[in-house]
Amino acid sequence: MIKAIIFDIGNVLVKGSLLKKPTKNHIHGVHEYVAIKLNIALDQYFDSIDTTYAKSMEGKLPKKKVLEIMSKNLKTTPKRLEKLYIKSYKRQFKKNKELFRLVFRLRKKGYKIAILSDQWHLSKEVLASKKLMKKFDVVVISCDVGVRKPNSKIYKIVLKKLNLPAKGCVFIDNQMWNIKPAKKLGMKTILFKDTNQLIKELNKLEVNI
């Protein structure tokens, strides 16, 4: 019997720019936006943040250090860089309101609802704000726990916090490589495409919606 539903954030609970058609007035993606604002080529931008960004995703560097290193490489100030990222995440991502209504309906039905998401310090501030995360029973964010998907350790962390066996949980993510480890552990899994598709898949699993 399903006892908990576990959700990813990016392009599941929040809709990102990848779900929109780019236009001449819409810069396509967080990193593209920051690179353009800093007047730097995209490949050079990624070279400048690559290692530090990866370490930040797993919480191996504190936010202050991350901003210091990145801003030095990108020839700007930590304060300006932080503002650019925060603004960009707010521009590029919007809450999937329809899905949130479903999430909290499931909670009222008695299911535990959880978050399992890869985020770095700055995306977490916008996409996984404390105010929003308080509404979930369990929240596991990669930069907080020192490991990211698809490492099986992060899935085991959320199961431990839920105090449930894998077979009692449904994991929802928009990337197949993140789905596979959850399935291997014994979770029910759904590859997210849109909310209507998700409802159909949950019905198949006999989840009471």
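The values are calculated or read from the model by the stated rules, or taken from the named source; none is laboratory data. Predicted, not measured: the structure shown is a model, and the values here were computed from it. With ideal geometry, Cβ positions are generated from the backbone for all residues, glycine too; neighbour counts draw on all protein chains shown.
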Item checked: Subset tally (residues that are touching a residue at least 24 places away in the same chain (Cβ under 8 Å) and assigned to a helix (DSSP H, G or I)) for region 88-97 -> 5
Next item on the list: Have a look at Lys124, Lys183, Lys97 and point out the one that is of a type outside the set (Val, Ile, Thr), farther than 30 Å from Leu61 by Cβ and touching a Ser or Thr at 6+ places or on another chain (Cβ under 9 Å).
Entry: Lys183
Note to self: Looking at Lys131, Lys161, Lys153 in this structure, which one is in a helix (DSSP H, G or I), more than 13 Å from the chain's Cα centre (by Cα) and modelled with pLDDT under 95?
What the structure shows: Lys131
Item checked: From the options Ser117, Ser56, residue that is polar (S, T, N, Q), in the same structural domain as Gln175 (by TED's automatic domain parsing) and modelled with pLDDT of 95 or more -> Ser117
Margin query: I'm trying to understand the selection: among the residues of region 179-209, which are within 19 Å of Lys112 (Cβ to Cβ) and surrounded by 16 or more Cβ atoms within 10 Å (Cβ to Cβ)?
Written below: Ala182, Leu185, Met187, Lys188, Thr189, Ile190, Phe192, Leu198, Glu201, Leu202, Val207
Item checked: Only listed residue being hydrophobic (A, V, I, L, M, F, W, C), within 21 Å of Val30 (Cβ to Cβ) and surrounded by fewer than 17 Cβ atoms within 10 Å (Cβ to Cβ), chosen from Met133, Met176 -> Met133
Notebook entry, point to check: Checking Glu58 against (1) under 21 Å from Asp8 (Cα atoms); (2) touching a Pro at 6+ places or on another chain (Cβ under 9 Å); (3) of a type in the set (Asp, Glu), which test does it fail?
Noted result: (2)
Item checked: Within region 134-150, tally of residues that are in a loop (DSSP other than H, G, I, E, B) and hydroxyl-bearing (Ser, Thr, Tyr) -> 0
Check: Of the residues that sit in region 31-61 and are in a loop (DSSP other than H, G, I, E, B) and without any contact (Cβ under 8 Å) to a residue 12 or more places away in the chain, which one is surrounded by the most Cβ atoms within 10 Å (Cβ to Cβ)?
Finding: Leu61
Notebook entry, point to check: If you go through region 118-144 one residue at a time, how many are more than 17 Å from Tyr53 (Cα to Cα) and either touching a helix residue (DSSP H, G or I) at 6+ places or on another chain (Cβ under 6 Å) or polar (S, T, N, Q) (or both)?
Noted result: 4
Margin query: Based on this model, can you work out whether Lys83 counts as more than 25 Å from Phe192 (Cβ to Cβ), charged (D, E, K, R) and either exposed (fewer than 13 other Cβ atoms within 10 Å of the Cβ) or out of contact with any strand residue (DSSP E or B) (no Cβ under 7 Å at 6 or more places or on another chain) (or both)?
Written below: yes
Check: Is there any pair with a first residue in region 142-161 that is farther than 19 Å from Ile113 by Cβ and outside the structural domain of Trp120 (by TED's automatic domain parsing) and a second that is surrounded by fewer than 20 Cβ atoms within 10 Å (Cβ to Cβ) and among the polar types (S, T, N, Q) whose Cβ atoms are under 9 Å apart and which are 6 or more apart or on different chains, and what are they?
Finding: none
